[in-house]
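Student: Take this structure first; my questions come after.
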Amino acid sequence: MLGAPLGLLLGLSRAADRFLTPVMYILYPLPKIVLLPILFVLLGIGGEAKVALIAIAVFFQMVITMRDAAKAVPKESVDAMLSFGAGRGLVFVDVVVPETLPSLFSALRVTTASAVAILFIAESMAGSTGLGYFIMHSWSILEYTRMFAGIIAMAVMGVLLYEAFDFAERRLTKWRAVA
């Protein structure tokens, strides 16, 4: 979850944005799946490499989304808080966070699809466990019923993650409205 704070930093700090955004623009378009062989060499064929690959892919999507969300925070709202004597920390908590929460949860939902797709590719490329392996193995031995069962299981996993983010957003939005 380092992508969201870094994105907010880039969106709120011109200096950080000028320094790091060019690096982001160079690395973001790189298909993250090409890093899988490197991660397998560094971390082994186990789950660590797959988790690292998903984290890297989601990181970049989150940074870009949250940077843009922070830049879209109404300047008038920030200025109003500052004119009433609020410090930068209070402005961050009472203006920036509530304004960027919808973008955060949108990014989490969008990155869920990417994460599940990358998981499938990583598991189908190497290893002998996981739904990706199960689906591809079932396909290779012409067990189409099992293959479709694996596809449905992967879809259910994606839906559950998506719904978990929806639930968290509703709870957090409700909490912010009460606070």
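The values are calculated or read from the model by the stated rules, or taken from the named source; none is laboratory data. Everything quoted here is computed from the prediction, not taken from an experiment. Don't worry about glycine lacking a Cβ; one is built from the backbone with ideal geometry, like all the others, and counts go over all protein chains shown. Just the protein is used for accessible areas: all its heavy atoms, side chains included, with ligands, DNA and RNA removed. Shrake-Rupley method; radii C 1.70, N 1.55, O 1.52, S 1.80 Å.
Student: Based on this model, can you work out whether residue 161 counts as open to solvent by less than 50 Å² (accessible area, probe 1.4 Å), assigned to a helix (DSSP H, G or I) and aliphatic (A, V, I, L, M)?
Tutor: It is false that residue 161 is open to solvent by less than 50 Å² (accessible area, probe 1.4 Å), assigned to a helix (DSSP H, G or I) and aliphatic (A, V, I, L, M).
Student: Continuing with the same structure: Show the residue pairs that are 6+ apart or on different chains and have beta-carbon atoms under 7 Å apart, the first residue being within the stretch 37-62 and on the phi < 0 side of the Ramachandran plot, the second being open to solvent by 30 Å² or more (accessible area, probe 1.4 Å) and of a type in the set (Gly, Ala, Ser).
Tutor: 45/127; 57/114; 58/114; 61/114
Student: Restricting attention to the stretch 103-129, report how many residues are in contact with an Asp or Glu (Cβ under 8 Å, 6 or more places away or on another chain) and free of Cβ contacts under 8 Å to residues at least 12 places away in the same chain.
Tutor: The number of residues fulfilling the criteria is 1.
Student: Of (1) open to solvent by 50 Å² or more (accessible area, probe 1.4 Å); (2) over 23 Å from residue 39 (Cα atoms), residue 105 satisfies all except one. Which?
Tutor: (1)
Student: Is it the case that residue 154 is over 20 Å from residue 103 (Cα atoms), buried (at least 16 other Cβ atoms within 10 Å of the Cβ), in contact with a Ser or Thr (Cβ under 8 Å, 6 or more places away or on another chain) and modelled with pLDDT of 90 or more?
Tutor: no
Student: Now a separate question. Considering only residues that are open to solvent by less than 50 Å² (accessible area, probe 1.4 Å) and hydrophobic (A, V, I, L, M, F, W, C), which ones fall in the stretch 57-66?
Tutor: Correct list: 57, 58, 60, 62, 63, 64, 66.
Student: I need the full set of residues from the stretch 125-145 which are touching a His at 6+ places or on another chain (Cβ under 9 Å) and at pLDDT 85 or above, in order please.
Tutor: The one that is touching a His at 6+ places or on another chain (Cβ under 9 Å) and at pLDDT 85 or above: 143.
Student: Take the residues of the stretch 72-88 that are open to solvent by 40 Å² or more (accessible area, probe 1.4 Å) and closer than 14 Å to residue 13 by Cα: which is modelled with the lowest pLDDT?
Tutor: Checked the stretch 72-88; the qualifying residue modelled with the lowest pLDDT is 88.
Student: Here is a further query. Here is a check on your reading of the model: is residue 129 open to solvent by 70 Å² or more (accessible area, probe 1.4 Å) and within 16 Å of residue 51 (Cα to Cα)?
Tutor: Considered against the rule, which asks whether it is open to solvent by 70 Å² or more (accessible area, probe 1.4 Å) and within 16 Å of residue 51 (Cα to Cα), residue 129 comes out as yes.
Student: Using the structure shown, decide if residue 69 is assigned to a helix (DSSP H, G or I) and open to solvent by less than 30 Å² (accessible area, probe 1.4 Å).
Tutor: So residue 69 passes the test.
Student: For the stretch 108-120, how many residues meet the condition of being over 12 Å from residue 62 (Cα atoms) and open to solvent by 40 Å² or more (accessible area, probe 1.4 Å)?
Tutor: 3
Student: Just checking: which of the helices (runs of 4 or more DSSP H) contained wholly in the stretch 1-48 hold 1 or more residues that are of a type in the set (Val, Ile, Thr) and open to solvent by 40 Å² or more (accessible area, probe 1.4 Å)?
Tutor: Correct list: 14-27, 36-43.
Student: Still on this model: Among the residues of the stretch 73-84, are any touching an Asp or Glu at 6+ places or on another chain (Cβ under 6 Å) and of a type outside the set (A, V, I, L, M, F, W, C)? Can you show your working first?
Tutor: Quick first cut of the stretch 73-84, residues touching an Asp or Glu at 6+ places or on another chain (Cβ under 6 Å) only: 73.
Still in the list and also of a type outside the set (A, V, I, L, M, F, W, C): none.
So far as the stretch 73-84 goes, no, none of its residues is touching an Asp or Glu at 6+ places or on another chain (Cβ under 6 Å) and of a type outside the set (A, V, I, L, M, F, W, C).
Student: Quick one: which of 123, 169 is within 30 Å of residue 76 (Cα to Cα), among the charged types (D, E, K, R), open to solvent by less than 70 Å² (accessible area, probe 1.4 Å) and assigned to a helix (DSSP H, G or I)?
Tutor: Result of the check over 123, 169: 169.
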